[in-house]
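Peer 1: Before anything else, here's the structure in question.
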Amino acid sequence: MTPSTPDFFTHLDALIARPSISSANPDLDISNTPVIDYLAEVFEARGFSCERVKSPGTSAQTQDNEKLNLIATRGTGPGGLVLAGHTDTVPLDEALWNVNPFRLTQKDGRLYGLGSTDMKSFFALILEALKDFEGLSFKQPLIVLATADEETSMQGARTLAELGRPKARCAVIGEPTGMRPINAHKGIMMESIELLGQSGHSSDPDLGHNALDAMHSVIGELIVFRQEMQARYQNPMFTIPRPTLNLGCIHGGDNPNRICGQCRLEFDIRLLPGMEIEALRDEIRRRVSPIADRFGVKATIAPLFAGLPAFMTAPENELVKTAERLTGHSAATVAFGTEAPHLQRLGMDTIVLGPGDIDQAHQPDEYLELDRIAPYLETLKGLIRHYCL
C-alpha cells in the first residue's frame, strides 16, 4: 500500500512509529521532522499545498534536531477552516508500558501508542474524513496546521502567530476533550523570584542580609495578592471559578549556622479570561521591590516560560453552536491549556474539540477508544462541509 492511500490505522501507526518527543531536557528532546515530512507527503497526495515553517528558539539547535510546523492548504478564499494539532508527544518511561509505545496496538476496543490520544490520531482522522471530499472543490479553504513543541514551550504556535499565519474564519484544535466542544480554558504563568542577600556568621545577624527572611515576607505578600485576585476575578464557567496561585518550590541557603545569602521561589498562576499576563507580572514586581529594599537584598523576577493567556470564545458564537449541534454535547471549559490563544490571536473563532480523553494523555499505555472514531469522523465531515463547501 503506497503512502498516498493508507487507511486510518496505517496512518496512525506511521505517525506513532515516528518519535517526536518534546522536552525541556535536551537529552530527551528530538526533532519532529519525520512526522512533518510524512504529513506533508500524504496531504500533498490529497491535493493540499504544503509549507514547512521552521520553529526557532527551541531547545533543538542543530539540523538533526530541527523543529518544524506544517501549513497544508486546499482551496482559497477569505474564510474557511483550520484544523490544528501538535505533532510532539511528552517523554515516556518505556518500562511502564505493556505494549510497544512506538507502534499502534489494537486490543480490547482500544488503540494504544504514544500520541494515540494526544494527539496524532487527530491527523489520521482528518485524512480519513477527506475521503468523502475527493474530487470536490472547496469554496473556502481547508487548512491543516501541524505544530511543534506544544508540550513544552508552544513555540511552534507562537512562531506562526507572530508571522500572522494561517488565516481563516474558524479554527478547531483536536486536543483530547472527549468529543465535547471546549470554548474556554485558563491561562498559565510560571514565575521565579530570586533574592540575593549577603551571607555571614549566624551569631550576628548584622553581618549579612538574610534572603530567607526576605522571602518569608515575599511569600506573605504573594498570599495577600492571591486573596485579592480571587476576590477581584470570578468566572462560574470554570469548575474552580477563581484564579489560583500555587507556591511550588523554594530553595535557599546552605547551612543552619550561616546567614542565608540566596533564596529562590518558583510558583504558578492560573489565569481566568480577562486577566493579562504582563499586568500581573508588573503587579508582582511592584509588590516585591519594596520588600527587597527593606531587607537589603537584590530581587530578580523572571518568567520560567513566556506564559499562556487564558482562552475564551463566547458561548453564543456560531462555531460553538455548530460544534454543539454536530456533537450533541454542550460546550464546556477545561483546566488544561492549549494553543487556542495563539490561533485566536490571528482573529479566528476558535474551539478545542478532539476524540480522546485528557485522562489518557501523558500516561503509560496511552490509548484512544475505538468507538470514538466513527462519531468524530462525522463531526469532522460536518465541520468541513459547513465551512469549506
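Peer 1: Relative contact order of the stretch 31-184, please, whole-number percent, based on alpha carbon pairs below 8 angstrom and at least 6 residues apart.
Peer 2: Computed value for the stretch 31-184: 33 percent relative contact order.
Peer 1: Compute for the stretch 63-221: radius of gyration divided by Kirkwood radius, i.e. Rg/Rh, restricted to C-alpha atoms, rounded to two decimals.
Peer 2: 1.19
Peer 1: Nearest 5 percent is fine: what portion of the DSSP beta bridges confined to the chain is antiparallel?
Peer 2: 70
Peer 1: So in the stretch 78-196, what percent of DSSP beta bridges are antiparallel if you round to the nearest 5?
Peer 2: 25
Peer 1: I would also like to ask the following. Past 29 Å, Cα to Cα: identify those pairs from Lys139/Lys186; Lys120/Lys381; Lys186/Lys298; Lys54/Lys107, in the order given.
Peer 2: Lys139/Lys186; Lys186/Lys298; Lys54/Lys107
Peer 1: A further question on this structure: Per residue of the stretch 342-354, what does 6.51 cos²θ - 1.76 cosθ + 1.60 with θ = phi - 60° give for ³J(HN,Hα)? Whole Hz please, x for Gly and Pro, Karplus curve as stated.
Peer 2: 6, 6, 4, 4, 7, x, 9, 4, 9, 9, 10, 7, x
Peer 1: Per q in 0.13 Å⁻¹, report the Debye log10 I(q)/I(0) for the stretch 187-303, using one uniform scatterer on each alpha carbon and no solvent.
Peer 2: Those come out to -0.53, one per q.
Peer 1: With equal scatterers on the alpha carbons only and no solvent term, can you work out the Debye log10 of I(q)/I(0) for the chain at 0.07, 0.08, 0.09 1/Å?
Peer 2: So the normalised log intensities are -0.37, -0.48, -0.59.
Peer 1: Right, another one. Per residue, what volume in Å³ does the convex hull of the Cα atoms of the stretch 264-370 enclose?
Peer 2: Hull volume normalised by residue count: 140 Å³.
Peer 1: Could you tell me the largest-minus-smallest coordinate of the C-alpha atoms of the stretch 248-290 on each of the three principal axes, in descending order and whole angstroms?
Peer 2: 47, 23, 9
Peer 1: I've got another one for you. Tabulate in residue order the Karplus-calculated ³J(HN,Hα) for the stretch 304-313, using 6.51 cos²θ - 1.76 cosθ + 1.60 with θ = phi - 60°, rounded to whole Hz; enter x for Gly and Pro.
Peer 2: Each residue of the stretch 304-313 in turn: 7, 8, 4, x, 10, x, 5, 10, 7, 10 Hz.
Peer 1: While we're on this one: Hey, how many Å between the Cα centroid of the stretch 196-216 and the Cα centroid of the stretch 323-389?
Peer 2: The distance from the Cα centre of the stretch 196-216 to that of the stretch 323-389 comes to 53 Å.
Computed from the coordinates by the stated procedures, all read-outs in this text should not be read as laboratory data. Given the structure is predicted, the values throughout are model-derived calculations rather than measurements.
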